[in-house]
1. Identify all residues within the range 182-198 that are of a type in the set (A, V, I, L, M, F, W, C) and under 9 Å from the mean Cα position of the chain (by Cα); write none if there are none.
2. Given the options Thr54, Thr76, Thr67, name the one that is polar (S, T, N, Q), touching a helix residue (DSSP H, G or I) at 6+ places or on another chain (Cβ under 6 Å) and either assigned by TED's automatic domain parsing to the domain that holds Phe141 or assigned to a helix (DSSP H, G or I) (or both).
3. Can we say Val182 is surrounded by 13 or more Cβ atoms within 10 Å (Cβ to Cβ), in contact with a Gly (Cβ under 7 Å, 6 or more places away or on another chain), in the same structural domain as Pro217 (by TED's automatic domain parsing) and modelled with pLDDT of 90 or more?
4. Of everything in the range 162-197 that's of a type outside the set (A, V, I, L, M, F, W, C) and part of a loop (DSSP other than H, G, I, E, B), which residue is nearest to Ala125 (Cα to Cα)?
5. Scan the range 140-160 for residues that are touching a residue at least 12 places away in the same chain (Cβ under 8 Å) and part of a loop (DSSP other than H, G, I, E, B) and report the count.
6. Restricting to the range 239-254, give me the number of residues that are of a type in the set (D, E, K, R) and modelled with pLDDT under 95.
Amino acid sequence: MIDLVDADHAVRSAVAFAARFGVRSDAPVLLSNGSNVVVHLAPAPVVARVATLTAAVRPYVASNLATDLAMACYLTEQGLPVVPPSRELPPGPHRADGRTITFWTYVSHIPRHTWEPREVGPLLAELHAAMRDFPGDLPAFPPIEAREIVAFLRTVDGFGSVGEDDVARLVADSDAIGRELVAGEVVPVHGDAHPGNLLYTPNGPVWTDFEDAWRGPIGWDLACLELTSRLDGRAAAAGYPGPRPDPTWPMAGRRLAQLVWGMVFRWRFPSDHYRDLDRDIKAWRLNGS
C-alpha cells in the first residue's frame, strides 16, 4: 500500500494524471502540505488538491472532495468570489495512483495575508447568504470525526500521552456535542471558516476549501473564526452582522475538533508547532471540551 501522506509522491501523481489530459507541468510548485497536498501545476493555470492526511483518516474522502467541487461550482454560479474548479481538465474527483485528486483554477494571491478582523465577519455573512439555498447533499454531522481519528491513531500508535479512558471520552464527547449541534436550526456552513481559507487576491477576497461543508448552525463557522490564531478571532466573529446564536455547543465542538485533529498533525509533523496540544488535552480533561 502506498504512503498516503507522502507529499513528493502526491505531487508526482497529480502531475502524471494531469498530463493524460494535455496539462503539462514542468515546474510544479508545492503550495501546501498539511491535511492535503496542494500543488500548482506550473506553468499551467491549474492547482491539484491531493488527499493525503485526510485520506488516511477519512475512508469517505472522495465524498468530501466532491462536496468541495459541488459547492464551489454552485457559489461560482451565484457570483460569489470563490476558487473555481479547473476548466483545463475534468475537475474530478479522480482516483489515480491510489489517491483521490481534484483540479482547480490557479488564483494568484498573497499567502498568509493578515486580514483586519473587521473585514472578515461581513465576508462570512455574505458567504452564508450565498450558500443558504445550496441544493446538493451535505453531511448532517460536524467534522469533528473523533471516531475516525481514534481508529487511525490506533493503526499508527499515535496517541502519545492520551490514555484509553481519554479515547473513550473523546468519542463520547464528539457524539454528544454533534447531537446538540444539529438540534436547532441548521443551514449550509463552510465548516472550516478561518482566514487561511480566505485568499487575498488582486481582485479582492476569494473563499476556498469547502471540503468540510455541512448542514449545521452558523455558530459553527463563527466558532471556527473566533478560535483562529491568524487574527483577533473574537473581534472578527463580533463583526458578523445580525444576532449571534448561542455559541456554547459550536465552541465546544470546534475545540474538540481542533484537539483530535491536532493529535493527527502532531503524529504527522512531530517537529512542528504542536507544543500546546498537551496543555489543551489537560484543559479538556479538567474542564470538559
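The values are calculated or read from the model by the stated rules, or taken from the named source; none is laboratory data. All values reported here derive from a predicted model rather than from experimental measurement. Note: ideal-geometry Cβ built from the backbone for every residue, glycine included; neighbour counts use all protein chains shown.
1. Ala193
2. Details: Thr76 fails: touching a helix residue (DSSP H, G or I) at 6+ places or on another chain (Cβ under 6 Å); Thr67 fails: touching a helix residue (DSSP H, G or I) at 6+ places or on another chain (Cβ under 6 Å).
Every option except Thr54 fails the conditions.
3. yes
4. Going residue by residue through the range 162-197, those that are of a type outside the set (A, V, I, L, M, F, W, C) are 163-166, 169, 173-175, 178-180, 184-185, 188, 190-192, 194-197.
Still in the running and part of a loop (DSSP other than H, G, I, E, B): 163, 184-185, 190-192, 194.
Numbers: Gly163: 40, Gly184: 19, Glu185: 16, His190: 11, Gly191: 14, Asp192: 14, His194: 13 Å.
Step by step, filter the range 162-197, then rank; the result is His190.
5. Qualifying residue count, the range 140-160: 9.
6. Total meeting the criteria: 2.
So that you can scan it fast, the table gives a plain yes or no per residue for (1) closer than 17 Å to Leu199 by Cα; (2) in a helix (DSSP H, G or I); (3) among the polar types (S, T, N, Q); (4) in the same structural domain as Pro85 (by TED's automatic domain parsing):
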residue: Arg12; (1), (2), (3), (4): no, yes, no, yes
residue: Val15; (1), (2), (3), (4): no, yes, no, yes
residue: Phe21; (1), (2), (3), (4): no, no, no, yes
residue: Arg24; (1), (2), (3), (4): no, no, no, yes
residue: Ser32; (1), (2), (3), (4): yes, no, yes, yes
residue: Val39; (1), (2), (3), (4): yes, no, no, yes
residue: Pro43; (1), (2), (3), (4): no, no, no, yes
